[in-house]
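Asks: Let me begin by handing over the structure; questions about it come next.
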Amino acid sequence: MVKKNSPEPISEVNYPQQVHLNEEDYRSLFHFASDAIWIHDLEGHIVAVNEAFEQLLGQPGAELIGRNVREFLSGDGLSVAAIVKKKLLKGERAVGRYEQLVLRDDGRQVILEITTCLIRRRGKPLAFENIARDVTEKREIEKNLKFCLHKVLQAQEDERKRISRDLHDEAIQSLLLIVHELDAFGSQLGEHPPARSRAELRSLRKLVVEVEESLRRVLQDLRPAILDDLGLPASLEWIADRITREGKMVVQVVLDKKPHELSSEIELTLFRIAQEALSNIRKHSQASKVLVKLNFLDDSIRLTVADNGVGFTVPALGDVNGNRGLGLLSMQERAQILQGNVKIRSIPRSGTTVIAEIPYNLVASQPFWSLTRPEIRVGNRSGLCEQPADDIKEVL
Ligand SMILES: Nc1ncnc2c1ncn2[C@@H]1O[C@H](COP(=O)(O)OP(=O)(O)OP(=O)(O)O)[C@@H](O)[C@H]1O
Ligand SMILES: [Mg+2]
């Protein structure tokens, strides 16, 4: 007897009537696909195109057949095409999701996301089949978004600078003046003021001094003077020392011996990333040990902040729903502005490692498309760091 929820025996399954696709069916699949499809021979001459491809290039198929795909590519695009061709002829089955900038005859440029595979006949390479999607608008939106984020971060830094200057020049100076006035007032009370007045004056003075000290702490977080005066390594030691003194965790700083000269932009960016990573550790990790490491590599500087806390499931980039903060995203954005990246590795109950890497020099014109677009994600899908290095494990 067959159990109620068990799958039916194969012989009893009613398969839908078998559909046999003939050549015409495949032809219409090719012609009416919403993605642009074209086939070119091994030398690059176009031999077949579909409607979406005609629309993409703004020309009828008859005018496209026979032309060489090279005519639509620029210098960099040609190198990308050569790499794809080489990979496929070497035996790779398909090269997927690479981007090409295509120049139309009317002068318009379109960015295509392409998948290419090699068609073989009796085992011999015959032609290349390409399936492409127009991502021009998508890339434009991404570019604008990045520009806006850059501006927001810049405005935030300017605002922090202005607030810290105002705090220093106005609020803190006023508090110092009050302390001074209180002292002067105390000395005017004569040699034997009533005990109550003396006690009240003393506690008032203490309160003002405490407010002044806490304002100075806020000011240091907004824009630590030590960063401008002594640079990034000293600032990291200063912030680590401050957190260690709170008594909840020990923050150890390990610095490479040969410091490379860093631009103030890189210093500020890495300091902000370290500040956010440490703030997350204090708020969320319950860690007892933290390691902050600065490595001066050949072409880039690497900051590592690792903790032995509770860890968490790293969200993918852009996965910012209502309850999540913006710290992780802003770390990534700050690094990207300087063509760097941030990778996060976190395993629940095994701690978190944040690695930020920034090149010393910006590449003048970084193409926004490339054979393999640089992965720029925070997250456990593609932005995962490798296993923590042994020296990190040792410290934690
Ligand atoms: N070192 C860490 N240990 C454990 N959990 C962490 C750590 N860093 C981040 N998280 C988790 O990731 C979440 C997102 O961090 P993110 O910095 O983006 O936001 P937030 O700290 O909550 O808020 P905000 O940074 O905007 O003040 C945190 O809410 C926390 O759950
Ligand atoms: Mg945070």
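Asks: Residues to consider are Glu394, Glu357; find the one that is at pLDDT below 90 and either surrounded by fewer than 21 Cβ atoms within 10 Å (Cβ to Cβ) or not in a loop (DSSP other than H, G, I, E, B) (or both).
Replies: Glu394
Asks: Sticking with this structure for a sec: For region 265-301, enumerate the residues that are touching a residue at least 60 places away in the same chain (Cβ under 8 Å), of a type in the set (Val, Ile, Thr) and either more than 13 Å from ligand 1 (Cβ to nearest atom) or out of contact with any strand residue (DSSP E or B) (no Cβ under 7 Å at 6 or more places or on another chain) (or both).
Replies: Selection gives Ile266, Thr269.
Asks: Ile344 passes all but one of (1) modelled with pLDDT of 90 or more; (2) assigned to a helix (DSSP H, G or I); (3) closer than 27 Å to Glu99 by Cα; (4) not acidic (Asp, Glu); which number fails?
Replies: In the conditions (1) modelled with pLDDT of 90 or more; (2) assigned to a helix (DSSP H, G or I); (3) closer than 27 Å to Glu99 by Cα; (4) not acidic (Asp, Glu), Ile344 misses (2) alone.
Asks: Does Pro259 satisfy being in contact with a Pro (Cβ under 9 Å, 6 or more places away or on another chain) and either surrounded by 15 or more Cβ atoms within 10 Å (Cβ to Cβ) or not in a loop (DSSP other than H, G, I, E, B) (or both)?
Replies: No: the conditions fail for Pro259.
Asks: Out of all the residues in region 243-258, is one or more within 15 Å of ligand 2 (Cβ to nearest atom), among the aliphatic types (A, V, I, L, M), touching a residue at least 60 places away in the same chain (Cβ under 8 Å) and within 28 Å of Ile337 (Cα to Cα)?
Replies: Within region 243-258 (the criterion being within 15 Å of ligand 2 (Cβ to nearest atom), among the aliphatic types (A, V, I, L, M), touching a residue at least 60 places away in the same chain (Cβ under 8 Å) and within 28 Å of Ile337 (Cα to Cα)), the answer is no, since none of the residues qualifies.
The values are calculated or read from the model by the stated rules, or taken from the named source; none is laboratory data. In this text the structure is predicted, and so the values were computed from the model without any measurement. Ideal geometry is used to build each Cβ from the backbone, glycine not excepted, and the neighbour counts take in all protein chains shown.
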